[in-house]
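Q: Let me begin by handing over the structure; questions about it come next.
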Amino acid sequence: MPLPLINPNAVFLNIPYDDEFQPLFTAYVVGIYQLRLIPFITSGIPGGERRLDRILALIQSCRYSIHDLSRVEISPSSPATPRFNMPLELGLTITWAKMHPKRHTWFLWESLPRRIQKSLSDLDGTDVYIHSGTPGGVLAELRNAFVREDTPPLSRMMDAYRAVEAEINRILREAGSRNLYSASAFQALCLVALDAWRRIQADFKK
Amino acid sequence: MMGSAMPRPVAYITARPAPIEVQIKHLGIPKARQKRLLAIMDQAWARVAKEKEGPLAGSDEVNEKSTNASAAD
């Protein structure tokens, strides 16, 4: 069977889809576009038995992946249950990258140093990117993980984040959604993040 | 006992990105909707520019705490 085509600028984002994470999600999307990369998420993939196949196909088509395990915790609502989707997708990714190391590079992200050693000790020895639970931390660590010429300074990336975040509710309304992870809202977020890159580049050329 | 930490992976990106117009086209957003969204962002960027001219210009809020997105609706 032929190997799937890879998009060399694609980043698979393995993140929690919850309200509290939305500012960090916005920072990821804005920051990834500032690095001239393209984010992909699984929220648009329908459920059912084929969902896992489609997630795996998405991972295989992306050159990079970010696995943010900062919110792998027990849900407060009954029955209290740990969240396994993100570790499962990380496991799929590690297997794929072990089989094809030149086709995929994965990055592990957390909010706290050393928490991963408690939650996932099998990954002991893997150094993680720590965003400290802040959008600024996400942007700073994106710049550390992905090095590309002509990346704007962190202060301009923060401007882009602030501009988008300030209008999130209007963007959601326009998308007819209350959920930033829905396909329609994500599409809108990608557009305004791309536009932010264009505006910052235009400033540089002045 | 913890093992010695591996260096963090770093990706040096050299792949050329698709032109921005192509990327926007791939999003599949109708033109009218694009216009509405970009009009929203015109206002946001005007505010950012104004703020930067104010007393907080140049301040670095890299470590600002994450806030819930459901502010000022």
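Q: Whose amide H sits under 5 Å from the amide H of A:D127, counting only residues 5 or more places off or on another chain, with H placed in the peptide plane?
A: Residues meeting the amide H criterion: B:M6.
Q: Could you work out [θ]222 nm for chain A from helices alone, using -39500 (n - 2.57) per DSSP H run of at least four and dividing by all its residues? Round to the nearest 500 deg cm²/dmol.
A: -15000 deg cm²/dmol
Q: Using a 1.4 angstrom probe with every protein chain in place, what is the largest-first accessible-area order of B:T14, A:T105?
A: Reading off the accessible areas and sorting them downward yields B:T14, A:T105.
Q: Hey, which of these cross-link pairs are over 28 Å Cα-Cα: B:K25/B:K52; A:K205/B:K31; A:K98/B:K25; B:K31/B:K52; A:K205/B:K25; A:K98/A:K118?
A: Listed pairs above 28 Å: B:K25/B:K52; A:K98/B:K25; B:K31/B:K52.
Q: Order A:W106, A:W96 by their accessible area, 1.4 angstrom probe, all chains in place, largest first.
A: A:W106, A:W96
Q: What's the total accessible area buried between chains A and B, using a 1.4 Å probe, rounded to the nearest 100 Å²?
A: Interface between A and B: roughly 4900 Å².
Q: Quick one: which residues, 5+ away or cross-chain, put their amide H under 5 Å from the amide H of A:F107? H built at 1.01 Å from N.
A: Excluding prolines and chain starts, which carry no amide H, the hits are A:S65, A:I66, A:H67.
Q: Counting only protein heavy atoms, what percent of the accessible surface of the range A:7-150 is carbon or sulfur at a 1.4 Å probe?
A: 54
Q: Let me check I've understood the local charge: for A:R36, count other residues with C-beta under 15 angstrom from its C-beta, Lys and Arg +1, Asp and Glu -1. What total comes out?
A: Here the count lands on +3.
Q: I would also like to ask the following. For the protein assembly as shown, divide the Cα radius of gyration by the Kirkwood radius and give the resulting Rg/Rh value with two decimals.
A: Rg divided by Rh gives 0.95.
The values are calculated or read from the model by the stated rules, or taken from the named source; none is laboratory data. Small disclaimer: the values here were computed from a predicted structure and weren't measured. Positions of Cβ are generated from backbone atoms using ideal geometry, with glycine treated the same way; all protein chains shown enter the neighbour counts. What goes into the accessible areas is simple: the full protein's heavy atoms, side chains included, and nothing from ligands, DNA or RNA. Shrake-Rupley method; radii C 1.70, N 1.55, O 1.52, S 1.80 Å.
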